[in-house]
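Read through the structure below, which is laid out as structure tokens, and then see the notes.
The values are calculated or read from the model by the stated rules, or taken from the named source; none is laboratory data. This one's a predicted model, so the numbers in the text were calculated from it and none came from an experiment. For neighbour counting, all protein chains shown are included, and Cβ atoms are generated from backbone atoms with ideal geometry for every residue, glycine included.
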Amino acid sequence: MKRDAALSPPPGGALAPAARRGWLGELCSGWGFVERNFRLIRRYAAWEVAEQFYNVVNALTIALIGVAQGPEVVLYLTVGALLWGFLSVIFMEVATSVQWERWEGTIESTFMAPIHRLTFLLGTSAWAVLYGLVRTSVVLGAVALFFRMDLSRANLGAALLVLVVSSFSFIGLGLIAAVLPLLSPEKGAQATHIIQGVLLLISGVYYEIDALPAWLQPLSWISPATYTLRDVRRAVLHGATVGQLAPDLLRLGLFALVMIPLGYAVFATAERYALRKGLLKRNG
Amino acid sequence: MADGHTAGPAIEARSLRRVFQERRRGRVVKEHVALDGIDLEVRPGECFGLLGANGAGKTTLIKILCTLLLPTSGEARVLGMDVQREPAAIRRRINMVSGGEHSGYGILTVRESLWLFSQLYGLSNAEAFQRIDRLLKMVDLDGSVRVNKLSTGMRQKMNFARGFLNEPDVLFLDEPTLGLDVQTARRLRSFVREWVEERRKTVLLTTHYMMEADEICDRVAIISGGRILACDTPANLKRGLRQERVVRLELAGGAVAEAAAGVTRGDAAGGAARGGTGGAADVLRRAVQDVPGVRRVTLSALDGRVSARVHVESDGVLVQLVSTIAELGFDLHGLEKQDPTLEDVFLALTGRRLDDEGGAVGR
């Protein structure tokens, strides 16, 4: 058999020394997911622009409902639209991460790769937070220009802090929801949409929790979005300080502290179940 | 043994069993035994082939060894590490290429997709791009094409490149040349063979192309119904059939056109394992099968002609065989003695052809 340079096996042995392992390797692999998603979005640029246009218009139409009641209501509704957009992006990006791997046909390659499962999940989560921030900032800018909003009383630093802390709680929720497409290739993705719908209903996105029927109100206590919305509104509308927001910030922090490890534990258990049942396979 | 530096087998399976259950309303309504007590040892530096028809259990076995599926019972080890207890350590040292796999981010280019996979293996950018370029050259694939624009064969080339990205110690190739043109398939086979020899890497290849197994595998196991029926070098497996004579008869004249059509329809292509339909092909097969000393017969048709591959106990059977064919009104256009192939081994062990369940006979 004639030898061809192109046919020669590539140089180097197994992984070392070319491969980075340990925490640096995991970090780079995690960043790989961020970069992967960025490249995917960049390729779908036209779709992204169209979606952003829709998000801006959606936020505007919601805010316009409050024009007759005055600027405070407009701001109240705007905060709801912005925050819901942000938290939805985080939740759905994390929750559908497994489903996307199935659709792209990469689930076996990704789950067979020598990375910690936490790297996959946190890489996806990091992307979700960054993506959510960028999208929300664009909508915020457009809405602020449209309504010439007066944010002079707002404590934007405190609002941002609430946003950051609540991101972690939503990542935890997303991790638990991500289990559903792992367990049920057919129905898992639908179930995550139902969870998202329930969160929208109970968290007081566009109305006060009091507007909910009494039997539904206790459910709002277990949604981190309830506290996020309440605190960001207090910071933006009334200029509440971090000290004043501390009780809810603590609640959100506790949510994150419980939900992320819990989400990971549930995911690990579900992965073991999927391995036992032979569910780690691509769709289509 | 957790470090994987073992002098023992590169791959080992002991009484490995995998049962898939179909449940309805919490009750098991159907069970499918995909692996039924597999015992297997693959040595380091060996290219080992698993030859079997579709549904024989090849992919299930590979998925267990790749830590993507848990066995129902039994034990499997890769590089001395247990697939159930040490999956993370195994994943650092293995990779897999699946035939017909639609793996890759459709909207990205091949090069971008491969780069993303390289990140999962912790490769630095410089090393990753160097390897990707070499591998793309090896598989003769343009890295700037988007994955969703690739043909089946091109996609398979990309999968192949992905499998070598991390220079695995053990590579699992599950029908790796599925959908590839003959020239590329041959090129990749020679690459695998060279890679195994030069690097002392281990390859477990599943295929239903016997030529592929014959060409690159040091040893071959024949698997059917989740069981390994035989395991040896291709030469030894074929040698086991040497007490038989294999003759190929080219038939023409008489009812050959009708028989050829029947073979094409599948009336008798399955040979001894299939029930007849009463057509000319089936009459021919039954008549040949009934000649004393004939062990098996398979018919094939090409361009309106019929070819019969007949396994006989001795040369003495040929006289009666030729006379039977003449009595049926066929002209004997040619008679050739042949060496047994792996497909003959498969047929002898399983009673059916390798393509009986939809696979290809060979390339």
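Remarks
- Of the residues in the stretch B:56-71, not one is surrounded by fewer than 19 Cβ atoms within 10 Å (Cβ to Cβ) and not aliphatic (A, V, I, L, M).
- Selected residue [of a type outside the set (Asp, Glu) and either within 7 Å of chain A (Cβ to nearest Cβ) or over 24 Å from B:Leu204 (Cα atoms) (or both)] from B:Gly99, B:Gly153, B:Gly106: B:Gly106
- Condition check for A:Arg135: under 30 Å from A:Leu180 (Cα atoms) and at pLDDT below 90: no
- Verdict on A:Ala274 being within 14 Å of chain B (Cβ to nearest Cβ), within 21 Å of A:Leu121 (Cα to Cα) and part of a helix (DSSP H, G or I): yes
- Of all residues in the stretch B:44-58, one or more are charged (D, E, K, R) and either within 13 Å of chain A (Cβ to nearest Cβ) or closer than 17 Å to B:Arg17 by Cβ (or both).
- Here the stretch B:76-116 is the region considered, the condition is being of a type in the set (A, V, I, L, M, F, W, C) and closer than 19 Å to B:Pro176 by Cβ, and the residue that is surrounded by the most Cβ atoms within 10 Å (Cβ to Cβ) is B:Val78.
- For the stretch B:117-127, taking the residues that are surrounded by 23 or more Cβ atoms within 10 Å (Cβ to Cβ) and at the interface with another protein chain (Cβ under 8 Å from one of its Cβ atoms), the one that is farthest from A:Thr124 (Cα to Cα) is identified as B:Leu123.
- Filter pass, A:Glu108 being within 14 Å of chain B (Cβ to nearest Cβ), closer than 14 Å to A:Arg135 by Cβ and surrounded by fewer than 22 Cβ atoms within 10 Å (Cβ to Cβ): no
- The set of residues in the stretch A:63-92 being farther than 20 Å from A:Thr226 by Cα and out of contact with any Leu (no Cβ under 7 Å at 6 or more places or on another chain) consists of A:Leu64, A:Val67, A:Ala68, A:Gln69, A:Gly70, A:Pro71.
- Among all residues of the stretch B:23-41, there is at least one that is facing chain A (nearest Cβ under 10 Å) and over 22 Å from the mean Cα position of the chain (by Cα).
- Search result, residues across the stretch A:95-128 that are aliphatic (A, V, I, L, M), closer than 19 Å to A:Arg42 by Cα and at pLDDT below 90: none
- Restricting attention to the stretch B:118-145, the residues that are at pLDDT below 90 and within 30 Å of the chain's Cα centre (by Cα) total 5.
- Taking the criterion of being surrounded by 22 or more Cβ atoms within 10 Å (Cβ to Cβ) and farther than 13 Å from B:Ile228 by Cβ, the only residue of the stretch B:35-52 that qualifies is B:Cys47.
Table: residues versus (1) in contact (Cβ under 8 Å) with a residue 60 or more places away in the chain; (2) surrounded by 13 or more Cβ atoms within 10 Å (Cβ to Cβ); (3) farther than 30 Å from B:Leu68 by Cβ.
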position: A:Leu199; (1), (2), (3): yes, yes, yes
position: A:Gln217; (1), (2), (3): no, yes, yes
position: A:Trp221; (1), (2), (3): no, no, yes
position: A:Thr228; (1), (2), (3): yes, yes, yes
position: A:Val236; (1), (2), (3): yes, yes, yes
position: A:Leu262; (1), (2), (3): yes, yes, no
position: A:Val266; (1), (2), (3): yes, yes, no
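- Of the residues making up the stretch A:30-72, those that are among the β-branched types (Val, Ile, Thr) and within 11 Å of another protein chain (Cβ to nearest Cβ) are A:Val34, A:Ile41.
- Residues of the stretch A:111-122 satisfying the condition of being more than 7 Å from chain B (Cβ to nearest Cβ) and not charged (D, E, K, R): A:His116, A:Leu118, A:Thr119, A:Phe120, A:Leu121, A:Leu122
- If you go through the stretch A:173-197 and pick out every residue that is more than 13 Å from A:Thr124 (Cβ to Cβ) and among the small types (Gly, Ala, Ser), you end up with 5.
- Among the residues making up the stretch A:54-88, those that are more than 23 Å from A:Val165 (Cβ to Cβ) and hydroxyl-bearing (Ser, Thr, Tyr) are A:Tyr54, A:Thr61.
- In summary, strands (runs of 3 or more DSSP E) completely within the stretch B:247-363 and bearing 3 or more residues that are of a type in the set (A, V, I, L, M), buried (at least 18 other Cβ atoms within 10 Å of the Cβ) and modelled with pLDDT of 80 or more occur at B:294-302, B:305-312.
- Filter pass, B:Val78 being at pLDDT 95 or above and either closer than 24 Å to A:Ile107 by Cα or facing chain A (nearest Cβ under 10 Å) (or both): yes
- Spans of helices (runs of 4 or more DSSP H) in the stretch A:57-143 with at least 2 residues closer than 20 Å to A:Val232 by Cβ: A:71-95
- Test set (1) closer than 24 Å to A:Arg117 by Cβ; (2) within 14 Å of chain A (Cβ to nearest Cβ); (3) in contact (Cβ under 8 Å) with a residue 40 or more places away in the chain - B:Leu68 fails condition number: (3)
- Checked against the criterion of being within 14 Å of chain B (Cβ to nearest Cβ) and either more than 18 Å from the chain's Cα centre (by Cα) or among the basic types (Lys, Arg) (or both), the candidates A:Leu182, A:Leu250, A:Leu280 yield just one match: A:Leu280.
- Within the stretch B:85-109, the set of residues being in contact with a strand residue (DSSP E or B) (Cβ under 8 Å, 6 or more places away or on another chain) and in a loop (DSSP other than H, G, I, E, B) comprises B:Arg93, B:Gly99, B:Gly106, B:Ile107, B:Leu108.
- A:Gly172, sole failed condition from (1) modelled with pLDDT of 90 or more; (2) of a type in the set (Gly, Ala, Ser); (3) in contact with a Gly (Cβ under 6 Å, 6 or more places away or on another chain): (1)
- Qualifying residue in the stretch A:222-229 (condition: in a loop (DSSP other than H, G, I, E, B) and of a type outside the set (D, E, K, R)): yes
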